[in-house]
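Shown next, in structure tokens, is the structure this report addresses.
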Amino acid sequence: MTAPETGFLDRDVVVGGTRYPYVAYVPRGFDRRAALPVILFLHGSGERGTDGVRATQIGAGAAIRANPERVPAIVVFPQAPPGSRWLDEPNDAAMLALDRTLAEFGGDPRRVYLTGLSMGGYGALHLVLAHPERFAALAVVCGGLLPHRTTTAVRQSPLTVHAADPYAFTAHALRALPIWLFHGEKDAVIPVDESRRLAAALRDAGADVRYTEYARTGHNSWDAAYGDEELWRWLFAQRRA
């Protein structure tokens, strides 16, 4: 019997006539019968492109390369095109990449997780609002809900744009989902108040939320967040009923 492919595997999907590359990470020693957990990772604005590679270079991908034993999971790395955001078609392509990966490699449907950083953190919050039944837990790194003059890479989700208080609306919608937020205190791109306000709203809604703020840290809070072994232990402990 031929051993299954493992490592970072190039794949693509087509949505609306556009090809969207993605990478499926399959850990060494993979056995489909093990029903591994599955993670969908949404990259930031700097990793947009059409090469299918940049999405794996920082955040979850870098953490896997540094310590693969911490991430015994199948990880899906979709890539958004240049100039786009994690909304509309790129969002649909990410979900299709997740579904294709589950069909190809299997996985535990009760342990499908969502995470993203910066632009991908905004995208993850939009995606989980659109598909709350799909995910067992959410980890957002330097993300948020509202746009800011400091970046053109994020836009408010159309799912929250009509809410009088987008933070309270999101917290109420996600109150049953385990969530961990991370942010740098000195972030000059996505203000730290984005995570502070969302964390407070989630607590008020009675959600199972953790919030980690890194003192004297700027926009790059992803090295610390994804490099924290506790994040992976926490993530893999979460299961949908």
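A few notes on this one:
- Using R0 = 41 Å, the C-beta based FRET efficiency linking ASP165 and LEU9 works out to 0.45.
- Judged by the ratio a/c of the largest to the smallest principal axis of the C-alpha gyration tensor, the range 7-237 counts as rounded, that ratio being less than 1.5.
- Most mobile of VAL161, VAL71, VAL192 in a GNM of the chain (Cα contacts under 10 Å): VAL161
- Degrees between helix 119-130 axis and first principal axis of the chain (Cα, 0 to 90, nearest 10): 90
- Cut-off under 5 Å, modelled amide H: who pairs with THR212 long-range: LEU181, PHE182, HIS183
- Near the amide H of VAL13, within less than 5 Å, lie the amide hydrogens of TYR20, TYR22, all on another chain or at least 5 residues away, with H placed in the peptide plane.
- Converting phi to 3J(HN,Hα) with the Karplus coefficients 6.51, -1.76 and 1.60 and the offset θ = phi - 60°, the range 87-98 yields 9, 6, 4, x, 5, 5, 5, 5, 5, 5, 4, 4 Hz in sequence order, with x at every glycine or proline.
- Of the residues GLN156, ALA176, GLY143, the one whose Cα sits farthest towards the positive end of the charge dipole of the range 86-241 is ALA176 (charges of +1 on Lys and Arg Cβ, -1 on Asp and Glu Cβ, taken about the Cα centre).
- Given charges at Cβ of Lys, Arg, Asp, Glu: the chain dipole, positive-most of ALA225, ALA201, GLY123: ALA201
- Förster-model FRET efficiency, 22 Å R0, THR151 and ALA200, C-beta, rounded to 0.05: 0.45
- Taking the longest Cα principal axis of the chain as reference, the axis of helix 193-204 is set at about 90 degrees.
- Dipole magnitude for the chain: computed about the Cα centre from +1 point charges on Lys and Arg Cβ and -1 point charges on Asp and Glu Cβ, it is near 200 debye.
- Listed residues PHE236, LEU40, LEU9: farthest to the positive end of the dipole of the chain (Cβ charges): PHE236
- Residues with amide H under 5 Å from that of GLY144, placed H, sequence gap 5 or more: TYR122
- Beta bridges assigned by DSSP with both partners in the chain are antiparallel in approximately 35 percent of cases.
- The stretch between ALA215 and LYS186, if pulled fully straight at 0.36 nm per residue, gains 9.7 nm over its current Cα-Cα span.
- Rounded to the nearest 20, the size of the Cβ-charge dipole of the range 85-129 about its Cα centre is 200 debye, with Lys and Arg at +1 and Asp and Glu at -1.
Since every read-out is calculated from the coordinates, none of them should be taken as a lab result. None of these values were measured; they are calculated from a predicted model. Quick reminder, even Gly has a Cβ in these numbers, built from the backbone with ideal geometry, and neighbours come from all protein chains shown.
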